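The values are calculated or read from the model by the stated rules, or taken from the named source; none is laboratory data. Keep in mind it's a predicted model, so treat the numbers as computed, not measured. No Cβ is skipped: glycine too gets one built from the backbone with ideal geometry, and neighbour counts run over all protein chains shown. What goes into the accessible areas is simple: the full protein's heavy atoms, side chains included, and nothing from ligands, DNA or RNA. Shrake-Rupley method; radii C 1.70, N 1.55, O 1.52, S 1.80 Å.
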Amino acid sequence: MNNPHLHLRIETTKKSRIKELDTEPIPFGKIFSDHMLVANYSQGNWQDVQIIPYGPIDLSPATSALHYGQAIFEGMKAYKNSNGEPLLFRPDANHQRINQSAERLCMPAIPESIFIDGLKELIKLDDDWIPNKNGSVLYIRPIYFAVDESVGLKPSDSYKFIIISCPVGAYYSHPVKLIVTEKYVRAFEGGTGAAKVAGNYAASLIADREAKEKGYDNVIWLDGIHRRYIEECGTMNLAFVIDGVVVTPKLTGTILAGITRDSVLTLCRDWGIPVEERAIAIDEIVQAYHQGTLTEAFGMGTAATIAHISTIGYQGEDMIYLR
Ligand SMILES: *Cc1c(COP(=O)(O)O)cnc(C)c1O
């Protein structure tokens, strides 16, 4: 963090692609706004911070992130208020989290002048891309990866940080059907489950695919040791309402500390709704379902928002129509 002040070069696009937004509904994550922020880290310094037209980047086939996975990301959103002014939701929390993920993968921290100030400039420039119709918002995707041209296994000396953004509609347009996976594990204590590491998602795809083949939208992960305690969904954190209490797995180092989760728990506490962060065995959910004390289940995440869960499949049984 040798350069606390942002030296930002801005090159605006010659031809906006904003017309691409005229489709309805907006497909999730496929149309990108006009500009992107790019910053490079090398020789111990952040340099060449620029906002340029969105487009392909040059990479060597020896780019180390492609071989050994030193790659992390973030997910956040920009909205417009009723005066049409752009708003970011808790970007400081995403900045803090990307640096925690970076530390886990031996990557240098990203200074606030780049992550926050650079992001604000980018969103100001592309604010026409923030949709202001029913539930659509601008999804912001910062990515950060190793770019040493080397197949030697060691932390890279050079990195690229990029922010792109895309207007999105709802991620789940219907209540979500989840199935508990007993075959695969997402994270172990001491592993990378609490970091937004690209490889975590690659490792989860097969469980997701098998869930979809069975007619579910996604999986519920259990802990890796007992295969009994609920962790999360892999794109969102989970909460259950049992006997009027909002219960959610506590952060043990294997679950991603969602900013949406934190916001929901804070609001519940402010509103006087009882909240418990603790271990939740899947048998407890089954029992509460049969006793009728499980009245609600929902997911929490930036992309998924608050997603109502309509079905939980476990050991061949479907717990359905949780209200
Ligand atoms: C990003 C993410 C979440 C949700 O976090 P938010 O900050 O609320 O968007 C939950 N679980 C995993 C594994 C994630 O990657």
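Checked against the criterion of being surrounded by 15 or more Cβ atoms within 10 Å (Cβ to Cβ) and either within 16 Å of the ligand (Cβ to nearest atom) or farther than 18 Å from Ala194 by Cβ (or both), the candidates Pro56, Pro111 yield just one match: Pro111.
Among the residues of segment 267-314, just one is open to solvent by 20 Å² or more (accessible area, probe 1.4 Å), within 16 Å of the ligand (Cβ to nearest atom) and under 19 Å from Asp223 (Cβ atoms), namely Glu277. Being open to solvent by less than 80 Å² (accessible area, probe 1.4 Å) and either touching a helix residue (DSSP H, G or I) at 6+ places or on another chain (Cβ under 9 Å) or in the same structural domain as Thr13 (by TED's automatic domain parsing) (or both) is a property that Leu87 lacks.
Among the residues of segment 14-39, the ones that are without any contact (Cβ under 8 Å) to a residue 40 or more places away in the chain, surrounded by 14 or more Cβ atoms within 10 Å (Cβ to Cβ) and not in a loop (DSSP other than H, G, I, E, B) come to 1 in all.
Of all residues in segment 90-97, none satisfies being within 20 Å of the chain's Cα centre (by Cα), surrounded by fewer than 17 Cβ atoms within 10 Å (Cβ to Cβ) and modelled with pLDDT under 95.
Of the residues Ser263, Ser165, Ser204, Ser156, only one is more than 16 Å from the ligand (Cβ to nearest atom), open to solvent by less than 30 Å² (accessible area, probe 1.4 Å) and modelled with pLDDT of 95 or more; which? If you could, list the steps in order and put the result at the bottom.
On the way: Ser263 fails: more than 16 Å from the ligand (Cβ to nearest atom); Ser165 fails: more than 16 Å from the ligand (Cβ to nearest atom); Ser204 fails: more than 16 Å from the ligand (Cβ to nearest atom).
None of the others qualify; the one that does is Ser156.
The lone criterion from (1) closer than 19 Å to Val219 by Cβ; (2) in contact with a strand residue (DSSP E or B) (Cβ under 7 Å, 6 or more places away or on another chain) left unmet by Glu317 is number (2).
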